[in-house]
Structures are given as C-alpha cells and as structure tokens.
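A short write-up of the structure that comes next.
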Amino acid sequence: MMNWTGKLVGGLLGLTLGPFGAMLGVALGHQYDEHVRKRTRTGSNSPLEIGEQLFRSAFRVMGHVAKADGRVSESEIAAARGIMNELRLNPAQVRIAIGHFNDGKAAPFSLDQELATLADVCQGRPHLLRVFLDRLDLGLVVHLRRLDERQRRGSLRQGSRLQDRAESQ
C-alpha cells in the first residue's frame, strides 16, 4: 500500500512557491512517506510472532548444522535435547522442536532463506539477531571443526551475512 499523505501535503505547501516548489514539496513528502512506511514495518510483528520464528529458526538451523557433515551424531542430538530442557519445553513443544530440527536436516532446506526470514521478522530489533547469533556461535564452534573447508567457509559466510543485517538495522 502506497502512502501519499506526505506527497499531497508537501505538494500543496510547495505550490505556494510555484511549480518548482510543488515538485520539491512532493519530493520531500515522498521522503516523509518512506520514513513512515519503514517505521510502521519495524513494529509490524508481535512479540509472539517473533518468538515463534526465533524458536523455529533455532531448531531448523541446529538441524541443518548437525547434518552438514552428512550425519547427525548422538552428541548433536543430546545438545539439541539439552537446549530443549534448558528452555523447559513441555512434551508438545518438544515434538514441535524435533519437527523443526528435522526440517533443518532435510535436503530442500535453505539456510539462506531461513536466515533471511528471521532477519525480516526481527526487522528493527537487531539485538534479537545478535542474541540468536551469539547463542548459535557456541554450537557452531564445535561443528565447524568437523566440516570440510568448503562447508566451513559457506557456514561462516551465511552467519556473517546475518550479522551484517543485524548491524545495518
């Protein structure tokens, strides 16, 4: 949906200075409308929606990272279970978390898409992305040692892109 309030008001006020003033007023009004649009988008996701996406992304990314070397070890499953325990998930939530973990292990899973979705949902809240990355870093350090050089570079590059998005918000 396009905002036009700023353009209209700017154009009308600028018209008092003539045609050039009207054009300048519309241009300044457009900048105002863009600012309002971005500000409105920033708060468009409720805390519940953000929490659900963080939960989904955390377990999907854990599953993806665990499967990066071709197989999921018992220690990786235990680590995921440890996080589930730490979060004090009830049995229904544990089943959902396992489903997300399995989604991350599946071949069609796109880490880039998952991180982009997370960044979009957390728009305007870069501290949440930083917390997500900090928490993820602890687990990645262990897993990166098991990956070949190409996989390691790819994982680090994806994490770096998310960090860049967090810092640019």
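The values are calculated or read from the model by the stated rules, or taken from the named source; none is laboratory data. Every value quoted in this text rests on a predicted model; they were computed, and no experiment measured them. Please note: Cβ atoms are built from the backbone with ideal geometry, for glycine as well, and neighbour counts cover all protein chains shown.
Can you pull out the residues in region 50-86 that are touching a residue at least 40 places away in the same chain (Cβ under 8 Å) and part of a loop (DSSP other than H, G, I, E, B)?
Ala68, Asp69
Given the criterion under 18 Å from Ser57 (Cβ atoms), polar (S, T, N, Q), surrounded by fewer than 13 Cβ atoms within 10 Å (Cβ to Cβ) and assigned by TED's automatic domain parsing to the domain that holds Phe55, identify the matching residue among Gln93, Gln113.
Testing whether each residue is under 18 Å from Ser57 (Cβ atoms), polar (S, T, N, Q), surrounded by fewer than 13 Cβ atoms within 10 Å (Cβ to Cβ) and assigned by TED's automatic domain parsing to the domain that holds Phe55 leaves just Gln113.
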Checklist outcome for this item: Residues of region 103-120 being part of a helix (DSSP H, G or I) and either over 20 Å from the mean Cα position of the chain (by Cα) or closer than 27 Å to Ser46 by Cβ (or both), in sequence order, are Asp103, Gly104, Leu111, Asp112, Gln113, Glu114, Leu115, Ala116, Thr117, Leu118, Ala119, Asp120
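Filter region 97-110 down to residues that are crowded, with 16+ Cβ neighbours inside 10 Å and either closer than 16 Å to Glu52 by Cα or touching a Gly at 6+ places or on another chain (Cβ under 7 Å) (or both), then give me how many there are. Talk me through it step by step, then tell me what you get.
Narrowing region 97-110 to residues crowded, with 16+ Cβ neighbours inside 10 Å: 97-98, 100-101, 103-105, 109.
From what's left, either closer than 16 Å to Glu52 by Cα or touching a Gly at 6+ places or on another chain (Cβ under 7 Å) (or both): 97-98, 100-101, 103-105.
Qualifying residue count for the region: 7.
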Checklist entry - If you go through region 1-14 one residue at a time, how many are part of a helix (DSSP H, G or I) and either at pLDDT 85 or above or surrounded by 15 or more Cβ atoms within 10 Å (Cβ to Cβ) (or both)? => result 7
